[in-house]
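The next block holds one structure in the form of structure tokens; read it before the comments.
The numbers here are math on the coordinates, done by the rules we state, and not lab data. Here the structure is a predicted model, which is why all the values come from computation and not from measurement. Methodologically, a virtual Cβ is constructed for each residue, glycine included, from the backbone with ideal geometry; neighbour enumeration extends over all protein chains shown.
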Amino acid sequence: MLTGVTIVDFSRHLPGPICTMRLADLGAEVIEVEPFHDKAHSPLTGPSHPEARETGAFYLRSHRNHKSISLNLRTNEGKALAFALARQADVVVESYRPGVMRHLGLDYDRLWEMHPAVIYCSVTGYGQSGELYQIGGHDLNVQAVSGFLSLVRDLEGRPVVADIPLSDYVLGLYASEQICAALVQRARTGRGAYLDVSSADLFSSWTGLHALFMSYSSSIGRETGRGSLLAYQVYETADGQYVALAALEEKFWLNFCRAVGRADWELCHRASVAGHPELFEDMKALFLSRTQAEWSELGSEVDCCLTAVEDWENWADNPYVANREIAYTLPYLEKKSPEQEESFAHRYRAERLSPPWHTDYTYELLKRKLNLTEEDLSRLQRQGVIPSASS
């Protein structure tokens, strides 16, 4: 759907690459500008999760279908090459703190003077203005600042820290949506756009909508919200696993009660945990009487919104995932002996080899996009602007 659209991606961390990866999955050509510093280069550099980088898991999660180009943006030549690529692009994505791209000479204002049709998307936690725009932060901070974290609590009322970086993934989706809308606008009007996309903005808007709903719904308060209802809980099963019951509508609750032979529970559809502690204990005991598989089978046979809490470690074996054929496979999972694995890991770190799944397109893209010659590339390599062809 986006074939013919070129995106130059300067972003780091997770949200920006998630955004451009989704656009690449839709057919766009994504040129990912990786930082290159002479004598300190390795593709997709970063200290975290080395195993994920070596096997391709890191690549598959947030960089698939990207074409990597390595430029030393500390040099004037590197900045000029990056600007030349951006000048030819339909879309530019960056995720630096506000002001960094201006310092590099790659900001929207300068690019717009040469390329007014460009769509320029800045992906950040707190946006390009306001009290927090220069403050560092991660997914947990965004959830906290936006008020979202206050709505995700355990039964004791403590905010819950999720393992998945929810705001990072959501910001990537939101940014790709905004870029697609800007592409539609440009097709109609010929105008480019500057997009200030912030995860705190997005999560705050969600929290605000929920707060508005809660404020003007007299029958719903914190003590009777979804998370406090007996019919809307996660319950442990006999084998130490969990199932989710979400029988919010009365018909689903009635179906559940009848399926488990508890007609005496039918009038407790809107009962809360706090208001009915004895019933809560009875329900916990009931779910502990069967395994997760048994409850999952009941949920598939009875229309009561009952599903297994699938374990992420067995995600690929999840019946839903398998049926929908959405499981990913890593580009590099060839089994080796422990000695081979240790040898490769040592060489990868010590000699900065490219992982088997990673291809550096620096030379190809500079030739094709900017018409550079072999002589030009050799000169840039000697000057430390680009890596050697064998890096």
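On the first, second and third principal axes, largest extent first, how far apart are the outermost C-alpha atoms of the stretch 226-324 in Å?
If we take the Cα atoms of the stretch 226-324, the spans are 39, 24, 23 Å.
Along its three principal axes, how long is the stretch 136-216 when you only count alpha carbons? Whole Å, largest extent first please.
Principal extents (largest minus smallest coordinate, Cα): 54, 32, 19 Å.
Would you mind counting up the charge near Thr237? Only other residues with Cβ under 14 Å from its Cβ, with Lys and Arg at +1 and Asp and Glu at -1.
On the way: positive: Lys284, Arg290; negative: Glu236, Asp239, Glu294, Glu297, Glu310, Asp311.
Summing Lys/Arg as +1 and Asp/Glu as -1 gives -4.
Any idea what the relative contact order of the stretch 226-324 is, in percent, if you count C-alpha pairs under 8 Å spaced at least 6 apart?
35 percent
Length gain on complete extension for the stretch Arg74 to Arg324, per 0.36 nm per residue less the alpha carbon to alpha carbon distance? Before the final figure, lay out each step's value.
Values: separation 250, 0.36 × 250 = 90.00 nm, distance 4.60 nm.
Residue separation times 0.36 nm, minus the Cα-Cα distance, leaves 85.4 nm.
Among residues other than Leu279 whose Cβ falls under 14 Å from its Cβ, what is the net charge (Lys/Arg +1, Asp/Glu -1)?
On the way: positive: Arg262, Arg270, Lys284; negative: Asp264, Glu266, Glu278, Glu281, Asp282.
Neighbourhood net charge equals -2.
Under a point spin-label approximation (7 Å from Cα along Cα-to-Cβ), what is the Glu250-Thr307 distance to one decimal in nm?
Inter-label distance under the simple model: 2.6 nm.
Treat each spin label as a single point 7 Å out from the Cα along the C-beta direction, and report the Ala263 to Ser300 distance in nm.
About 3.0 nm separates the two model spin labels.
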